[in-house]
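Trainee: This is the structure I have questions about; it appears just below.
The values are calculated or read from the model by the stated rules, or taken from the named source; none is laboratory data. Everything numeric in this text was worked out from a predicted model, so none of it was measured. A quick note on method: Cβ atoms are made from the backbone with ideal geometry, for glycine too, and the neighbour counts reach across all protein chains shown.
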Amino acid sequence: MKIEVKNLKKKFSEEFILKDISLTIEKNKSTVILGQSGCGKSVLIKTIYKLLNFDTGSILYNGKSEVDTDKFSMLFQYGALFDSLKISENIAFTDFINNKTKFEKKVISLMSDVGLEKSIFNKYPSEISGGMKKRVALARALYKNPKVIFLDEPTTGLDPINSDKINELILKVITNRKITAVTITHDIKSAIKTGDYYFFIHKGIIQDKGDCKKILKTKNKIFKSFIMGANLK
Amino acid sequence: MKFIENIGELIIKLLSNLGKFILFILFFFKYLFKPKFYLRNNFNYFINIFISTLPIIALTGIFSGMVLALQSYTGFSRFSAESAIPNIVVITLTRELGPVLTGLMVSARVGSSIAAEIATMRVTEQIDALKTLNTNYYNYLVTPRVLSLTLALPIFVTIVDFIGVMGGYIVSVYRLGFNDNLYLLNTIDFLSLGDYLSGVFKAFAFGFIISIVSCYCGLFSDKGAFGVGSATTNAVVISSILILSSNYFLTELFF
């Protein structure tokens, strides 16, 4: 699904978080949105997902303003797993709460796809590690076979080895399943590894965009400072 | 000038919150009659509330009844009206103390837990996750809690009434030397169905108040640990105040 965002503005209280965002998310490509914490990256993808309303501008999904969000899925920053439900019930959440019982096979297959062992099937989120939680959250996001997947900082809180594993997993999943992916991150390494195109947001506007493989060759001074880890003004 | 500005700001904030709360209640009723109903969720929640709250309200009932009998004796013995103690205990418990004390205890026990649970879900993006999983949070979170508590409170009040009367009986018979048969006979004779039903009606209202206020405070909490803490405190304080104030108007209704 191709998504076009045009002149998007979004404010909270009296402050504009997104001042004028225009970008295109290409079908079956992996788009990465980069930026400092608090620059509005999460707000942007939640707005695209229709979890939040926007003030002005437009978002077109395959050229139309209406979209069935059932085709979308999201991996949240900290997994957002339901603590009171088992891992299997989390993954097959919609089937589970609608009293459908035949989800075991699909869950086990998904768990294997994301590198989870069957032994955690009946465990609770509090009983597994941070890396595993991310995998469970990814399995849950894939359960409904989405056309577009939004990944909100998928490697946050993970050590470099686990971050790498998650990046490889994401790359494998979006390539094999031919999904349009939109990833939020401030990790340049992840962006280069998993992305096709990037957009860099600073102070509510797109400061730079381009090919992920050429991120390090950017000429944009603010983005360069961001890559170098300097304090952005 | 700054002082007036602050007062104005506060009034606007209060009115805006009141408007949001009224809309929240309207949405609750809208989704209550929509067919997406998670029966297992409703049933589990009801059982959960029931089991976790029963010991607390049982203790509330027995000690309230015991204290009521003792205090009534202190007053009534001054003009030789001790025989009215069974009547006073049963009528005060069924019409007033049963519903109000149960409401306050349940607000502290269940209301706070509802608000904290939902606020934590909000802070950890589980509410957003529900939306992405095509699950309406009114159907999944609010309806089971409001229905369970609204239906559970009259049962709790009935239990408190019964245990409270038994508390009064124990003190009156074993401490104050009342005749046991006479005490029970006076209690049963004096109690009318109207007394009991007025307490039950209050319990329905209090159950609804506690659950809807707690869900609202949780769902619209601020972010972070502070937000969860405030949501919990607000849920208990607001529902307690609403219980005490609505109690007056409900009493007027059954006066």
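Trainee: Need a quick list: helices (runs of 4 or more DSSP H) entirely within the range B:80-140 having at least 3 residues that are away from chain A (no Cβ under 11 Å) and either within 28 Å of B:PHE201 (Cα to Cα) or touching a residue at least 12 places away in the same chain (Cβ under 8 Å) (or both).
Mentor: B:85-92, B:98-106, B:112-123
Trainee: When the range B:60-81 is examined, which residues are found to be surrounded by fewer than 14 Cβ atoms within 10 Å (Cβ to Cβ) and closer than 30 Å to A:SER84 by Cβ?
Mentor: none
Trainee: Select from the range B:218-237 the residues that are buried (at least 24 other Cβ atoms within 10 Å of the Cβ) and under 15 Å from B:THR143 (Cα atoms) and list them in ascending order.
Mentor: The one that is buried (at least 24 other Cβ atoms within 10 Å of the Cβ) and under 15 Å from B:THR143 (Cα atoms): B:GLY218.
Trainee: If the requirement is being more than 10 Å from chain A (Cβ to nearest Cβ), outside any loop (DSSP other than H, G, I, E, B) and under 22 Å from B:PHE27 (Cα atoms), which of these qualifies: B:VAL157, B:VAL165, B:VAL146, B:VAL173?
Mentor: On the way: B:VAL157 fails: under 22 Å from B:PHE27 (Cα atoms); B:VAL165 fails: under 22 Å from B:PHE27 (Cα atoms); B:VAL173 fails: under 22 Å from B:PHE27 (Cα atoms).
B:VAL146 is the lone residue from the list that is more than 10 Å from chain A (Cβ to nearest Cβ), outside any loop (DSSP other than H, G, I, E, B) and under 22 Å from B:PHE27 (Cα atoms).
Trainee: In the range B:220-247, what count of residues is obtained for those that are over 20 Å from B:ARG109 (Cβ atoms) and at pLDDT below 95?
Mentor: So the answer is 7.
Trainee: If I filter the range B:23-42 down to residues being part of a loop (DSSP other than H, G, I, E, B) and loosely packed, with under 11 Cβ neighbours inside 10 Å, which single residue comes out as nearest to the other protein chains (Cβ to nearest Cβ)?
Mentor: Restricting to residues being part of a loop (DSSP other than H, G, I, E, B) and loosely packed, with under 11 Cβ neighbours inside 10 Å, the top hit is B:PRO35.
Trainee: Collect the residues in the range A:39-58 that are of a type outside the set (Gly, Ala, Ser) and farther than 21 Å from A:SER73 by Cβ, keeping them in residue-number order.
Mentor: So in the range A:39-58, the residues of a type outside the set (Gly, Ala, Ser) come out as A:39, A:41, A:43-56.
Correct list: A:CYS39, A:ASP55, A:THR56.
Trainee: Now, a different point. Would you check if there is a residue in the range B:70-78 being closer than 30 Å to B:ASN179 by Cα and touching a residue at least 24 places away in the same chain (Cβ under 8 Å)?
Mentor: yes
Trainee: Output yes when any residue across the range A:202-209 is more than 21 Å from the chain's Cα centre (by Cα) and under 17 Å from A:LYS19 (Cα atoms), and no when none is.
Mentor: No: the range A:202-209 contains no residue that is more than 21 Å from the chain's Cα centre (by Cα) and under 17 Å from A:LYS19 (Cα atoms).
Trainee: Follow-up. When you go through (1) within 16 Å of the chain's Cα centre (by Cα); (2) within 22 Å of A:GLN36 (Cβ to Cβ) one by one for A:LEU169, which number turns out not to apply?
Mentor: (2)
Trainee: Moving to a separate point now. Which residues, counting only those in the range A:113-139, are under 21 Å from A:THR155 (Cβ atoms) and within 14 Å of chain B (Cβ to nearest Cβ)?
Mentor: A:PRO125, A:GLY130, A:LYS133, A:LYS134, A:VAL136, A:ALA137, A:LEU138, A:ALA139
Trainee: Test A:ILE179 against the criterion of being surrounded by fewer than 19 Cβ atoms within 10 Å (Cβ to Cβ) and modelled with pLDDT of 90 or more, and give yes or no.
Mentor: no
Trainee: Okay, moving on. Looking at this structure, is B:ASP189 closer than 26 Å to B:THR92 by Cβ, surrounded by fewer than 16 Cβ atoms within 10 Å (Cβ to Cβ) and of a type in the set (Asp, Glu)?
Mentor: yes
One line per residue, one yes/no per condition, for (1) in contact with a strand residue (DSSP E or B) (Cβ under 9 Å, 6 or more places away or on another chain); (2) not charged (D, E, K, R):
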position: A:THR69; (1), (2): no, yes
position: A:SER84; (1), (2): no, yes
position: A:THR94; (1), (2): no, yes
position: A:PHE121; (1), (2): no, yes
position: A:GLU127; (1), (2): no, no
position: A:LYS147; (1), (2): yes, no
position: A:PRO160; (1), (2): no, yes
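Trainee: Taking the residues in the range A:145-162 that are modelled with pLDDT under 90 and touching a helix residue (DSSP H, G or I) at 6+ places or on another chain (Cβ under 7 Å) as candidates, determine which candidate is surrounded by the fewest Cβ atoms within 10 Å (Cβ to Cβ).
Mentor: So, considering only residues that are modelled with pLDDT under 90 and touching a helix residue (DSSP H, G or I) at 6+ places or on another chain (Cβ under 7 Å), the one surrounded by the fewest Cβ atoms within 10 Å (Cβ to Cβ) is A:GLY157.
Trainee: Now a separate question. For the range A:140-156, enumerate the residues that are away from chain B (no Cβ under 13 Å) and not polar (S, T, N, Q). Outline the logic, then answer.
Mentor: First, pick out the residues of the range A:140-156 that are away from chain B (no Cβ under 13 Å): A:145, A:147, A:154-155.
Matches in the range A:140-156: A:LYS147, A:PRO154.
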